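The values are calculated or read from the model by the stated rules, or taken from the named source; none is laboratory data. Note that this is a predicted model, so its numbers are computed, not measured. Every residue, glycine as well, gets a Cβ built from its backbone with ideal geometry; the counts of neighbours run over all protein chains shown. Remember, those area values only see protein heavy atoms, side chains included, never the ligands or the DNA or RNA. Shrake-Rupley method; radii C 1.70, N 1.55, O 1.52, S 1.80 Å.
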Amino acid sequence: MAEPLFQQLKKLQEEFHGHPPVDRWDPDFCGDMDMVIKSDGRWIHEGTEIRRQPLVKLFASILKREGDEYFLVTPVEKLRIQVEDAPFVATQVARSGSEGEEQRLLFTTSVGDVIELNQDSNWQLQEFGTPPQPVPYIEARNGLMARVSRDVFYQLVDWAEERRLGENGSGQLFIRSAGGEFLLGSY
């Protein structure tokens, strides 16, 4: 099932620059595909990891979220897949400009999307791991989230500003980007 879909994707990639407009496509549901995006960002098809990064990027380009479900969508097909956590992982962060108002943070995901952290980024802390801990997530595109990796999180902690809350010694960490402040965590 993956190879015919791969051929369709290659054709779509030639037609569209950037990502195809999956938000405008609403084909009939064709069934479930034996594909899982693991919580560590690996894509598994029929029990085998997809190691060809161009193929992963092609599948990621046609990923669509509807409610709590995820689909690979073309203009004529809609196949449901499973996602254990978020479909993407933010694996790198870069800082440009000076600190303060001019500073901008750019995140790169496991599939090559580059996301600027700004007021429209849908930055949020969600529970992840065992035991569950609040971890930052950022919207990559069209409601598809990327969980910030541990390495990136530690880099952000290094850049964060600390604020003490009250006399009890608890505090919060904030990062700045594109003129906004974003909560990184509390302690």
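Below, the figures for the structure above:
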quantity: Residue-by-residue Karplus 3J(HN,Hα) for the range 38-51, coefficients 6.51, -1.76, 1.60, Hz, glycine and proline x; calculated: 6, 5, 8, x, 6, 9, 10, 10, 6, x, 10, 5, 7, 9
quantity: Residue with peak Gaussian network fluctuation, the chain [Cα springs, cutoff 10 Å], from Asn118, Asn168, Asn142; calculated: Asn168
quantity: Helical mean residue ellipticity (222 nm; -39500 (n - 2.57) per DSSP H run of 4+; nearest 500) of the chain; calculated: -5500 deg cm²/dmol
quantity: Among Thr48, Thr108, Thr130, residue whose mean-square fluctuation peaks in a GNM of the chain (springs only between Cα atoms under 10 Å); calculated: Thr130
quantity: 3J(HN,Hα) from dihedral phi, the range 177-183, Karplus parametrisation 6.51/-1.76/1.60, rounded to Hz, x for glycine, proline; calculated: 7, 6, x, x, 10, 9, 5
quantity: Trypsin sites (Lys or Arg not before Pro) within the range 35-131, DSSP loop, no more than 12 other Cβ atoms inside 10 Å; calculated: Arg51, Arg52
quantity: Highest-fluctuation residue, Glu77, Glu66, Glu139 considered, GNM on the chain with Cα pairs under 10 Å; calculated: Glu66
quantity: Rounded percent of accessible protein surface that carbon and sulfur make up, the range 68-187, 1.4 Å probe; calculated: 44 percent
quantity: Potential extension, Glu162-Ser39 segment - 0.36 nm per residue separation minus Cα distance; calculated: 41.3 nm
quantity: Accessible area per residue in Å² at 1.4 Å probe, computed on the range 40-187; calculated: 52 Å²
quantity: Burial ranking of peptide ranges 148-159, 25-36 (average Cβ count within 10 Å, highest at the top); calculated: 148-159, 25-36
quantity: Karplus-derived HN-Hα couplings along the range 84-92 (A = 6.51, B = -1.76, C = 1.60, θ = phi - 60°), whole Hz, x at Gly and Pro; calculated: 5, 9, 10, x, 10, 10, 7, 9, 8
quantity: Taking the C-alpha atoms of the chain, convex hull volume expressed per residue in Å³; calculated: 134 Å³
quantity: Per-selection metrics, the range 79-172 (Cα): Rg and Dmax in Å; calculated: 14.8, 54
